[in-house]
Structure formats: structure tokens, C-alpha cells
Amino acid sequence: MNLRLFPPERMNTDYPWTLWAIGWLAIFKAVLWLAYEPALPEALLRSVGWKYIIGALPLLICGVALWKRRRWAVWGLVLSAVADLVFLLALPGSLQAYLVDSEVALFSVLLSAVVLVCGGPVGSALILCGIPAMFRHTR
């Protein structure tokens, strides 16, 4: 079995950068939560944890499949992004999970911005903004 995560055509100048960027974004959304533990009440932390555990594998699979221009990966990413935003609307307190607390204010702001973009609702919104490009470049 020949397993290739990175398609050889990615190095061509005509490879769509949006597929590459959204694929990486999906992978970051899948694994970034492993790097920190949000300070949330236990019940909310458990809900957020289950969301991450259930959503990690589909995001990884769809991110890599998007690089290979698979149309079903677009549907998977759209569904995942919508589910992430619906989860945030259903449990608005879970927004605190994306904010990193530190003694240094600038460090907190920078890390929180990275988490919001790469693992949070901003990343989901960016995936949804990329729908036209993803459908245009997949088969």
C-alpha cells in the first residue's frame, strides 16, 4: 500500500494555495487542542473535550484528502466547520476555551489569536469562506 500524505503536484506553481492552506488549517484544528488545557468549569470542559475528541480524526482525514483534491473532503470540512460554530452558539461559555491566560499580556493576546484562528471559530469561518475555491479545485 502506497500511502502519500503530500501529493506530488503540490510543488507545481499552479497548485491552488487555498487547498494547501485550508488543509493545514484543518490539521491544526485537529491537533492544536492537545497543546493546552483551557481553564473552564468541569462540565463545560468535558463538553469541549468531547467535541475535540470526536472532531479530531475527521478533520485530519479531510485535511489530507483536500490536498489530494477529493470533493468529499470539502463536504466533511464544511460539516465540521458548521458543527463547530453551532457548538459555540449552543454553549457560548465555550468561547473561553480559546483564550490563553498568561502573566504577560502580549503573550496572552498572541497565543489567543493563534488559537482562535488555528483551532477556533475564526478558523471555522475561514474554512466556510473557502468553500467556492475548494469546490472549484476538487474533483
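The values are calculated or read from the model by the stated rules, or taken from the named source; none is laboratory data. Note that this is a predicted model, so its numbers are computed, not measured. Every residue, glycine among them, receives a Cβ derived from its backbone with ideal geometry; neighbour counts consider all protein chains shown. All accessible areas refer to the heavy atoms of the entire protein, side chains included, with ligands and DNA or RNA removed. Shrake-Rupley method; radii C 1.70, N 1.55, O 1.52, S 1.80 Å.
What the table below lists for this structure:
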quantity: Gaussian network model of the chain, Cα within-10 Å springs - most flexible of Pro16, Pro121, Pro92; calculated: Pro92
quantity: Net charge over other residues, Cβ less than 13 angstrom from the Cβ of Ser80 (K, R count +1; D, E count -1); calculated: +1
quantity: Dipole axis of region 1-123 (+1 Lys, Arg; -1 Asp, Glu on Cβ), positive-most option in Val122, Pro16, Val109; calculated: Pro16
quantity: For region 3-139, size of Cβ-based charge dipole, Lys and Arg +1, Asp and Glu -1, in debye; calculated: 820 debye
quantity: The chain: DSSP helices with Cα axial extent of at least 15 Å and average Kyte-Doolittle hydropathy no lower than 1.0; calculated: 17-31, 42-67, 71-90, 105-118
quantity: Under 13 Å from the Ser112 label point (7 Å along Cα→beta-carbon), backbone N, region 21-48; calculated: 39
quantity: Residue-normalised accessible area of region 34-107, given per residue in Å² at a 1.4 Å probe; calculated: 62 Å²
quantity: Accessible carbon and sulfur surface of the chain relative to its total accessible area, %, 1.4 Å; calculated: 72 percent
quantity: Spatial separation of Cα centroids for region 37-83 and region 98-123, in angstrom; calculated: 18 Å
quantity: Heavy atoms of Cys62: accessible area, 1.4 Å probe, square angstrom to 10; calculated: 10 Å²
quantity: Sum of -39500 (n - 2.57) over DSSP H runs of 4+, divided by residues of the chain (222 nm, nearest 500); calculated: -21500 deg cm²/dmol
quantity: Contact order normalised by residue count of the chain, Cα under 8 Å, 6+ apart, percent; calculated: 33 percent
